[in-house]
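Novice: Take a look at this one; I'll ask things after.
FYI, it's all coordinate maths here, none of it is from the lab. Computed from a prediction, not measured in an experiment: that's the story for all the values here. Because the Cβ atoms are built from the backbone with ideal geometry, glycine has one as well, and the counts that use them run over all protein chains shown.
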Amino acid sequence: MRNPFPAAAHAYTRLAPRERLLVQIAAGVTALIIAYLVVGSFHSAQAALRTRIAAKERQLEQIQELRRAYLQVKSQTERLTADYAERPQNFSVFSYLETAGTKTVTREKILAMSPSSKTVGDEFVEESVELRISGVTLPQMVGLLHQVENAPVPLRVSRLQMKKRFNEPYNFDVTMAVSTITRAT
């Protein structure tokens, strides 16, 4: 095989043994520096890739979380749509609670019933009624909650606050909000 650097080989052969040793050491140090730079660049590239992989894994977890939330909302929407198909016509949360309340609690104990509604998305409306009841016993309250639970449409108690009366330890003042979802008309 022919030498690609004949002038360098000729100059090397003319050097004294001590000078050859210095050239060999310089070549070795140069090779080590080049190897160090190459390995360092590989390590920095590897560290950058690990950082990108960690970021992509966090993004994947966020996407999976969003997917779970989407499937939950989709399931709830499908359930609401199915419930709406079985819903009795002209159902009113207010009138149902008024009837259920007078069955379990006397009318005098119901201090206030405040209906309200708000839109939920494009297709649905949340109808809710806030009841304020004074001096109700625990069995009466359980009976009212049972009536709400067994309504002909799905009702949800979104808030329930019971305060024990100071002078009557077995009676409570209750504030509760009951709501249902209907289709917007």
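Novice: What label, among [x] 179, 31, 29; [y] 45, 37, 29; [z] 120, 45, 22, belongs to Cα extents along the principal axes in Å computed from the structure on display?
Specialist: Computing Cα extents along the principal axes in Å and matching it to [x] 179, 31, 29; [y] 45, 37, 29; [z] 120, 45, 22 gives [z].
Novice: Can you tell me the relative contact order of the chain? Whole percent, Cα pairs under 8 Å, sequence separation 6 or more.
Specialist: 17
Novice: If you place +1 on the Cβ of every Lys and Arg, -1 on the Cβ of every Asp and Glu, and leave all else neutral, what size is the dipole of the chain about its Cα centre, to the nearest 20 Debye?
Specialist: Here the size comes out at about 1160 debye.
Novice: Another one. Can you give the helix-only mean residue ellipticity at 222 nm for the chain, where every DSSP H stretch with n ≥ 4 adds -39500 (n - 2.57) and the sum goes over all residues, rounded to the nearest 500 deg cm²/dmol?
Specialist: Helix contribution divided over all residues of the chain: -19500 deg cm²/dmol.
Novice: Something else now. Length gain on complete extension for the stretch LYS118 to ILE25, per 0.36 nm per residue less the alpha carbon to alpha carbon distance?
Specialist: Residue separation times 0.36 nm, minus the Cα-Cα distance, leaves 25.1 nm.
Novice: Starting from 0.36 nm per residue, how many nanometres of slack lie between LEU145 and ALA55 once their C-alpha separation is accounted for?
Specialist: 27.6 nm
Novice: Of LEU138, LEU60, LEU15, which is the most mobile in a GNM of the chain whose springs link Cα atoms less than 10 angstrom apart?
Specialist: Result: LEU15 has the largest fluctuation of those listed.
Novice: At 24 angstrom or more along the helix axis (alpha-carbon based) and mean Kyte-Doolittle of -0.5 or higher, what helices does the chain contain? Whole DSSP H runs only.
Specialist: 17-86
Novice: Counting pairs on different chains as well as pairs 8 or more places apart, how many Lys pairs in the chain have Cα atoms under 28 Å apart?
Specialist: So the count works out to 8.
Novice: Length gain on complete extension for the stretch ALA16 to LEU66, per 0.36 nm per residue less the alpha carbon to alpha carbon distance?
Specialist: Here the segment from ALA16 to LEU66 would lengthen by 10.6 nm.
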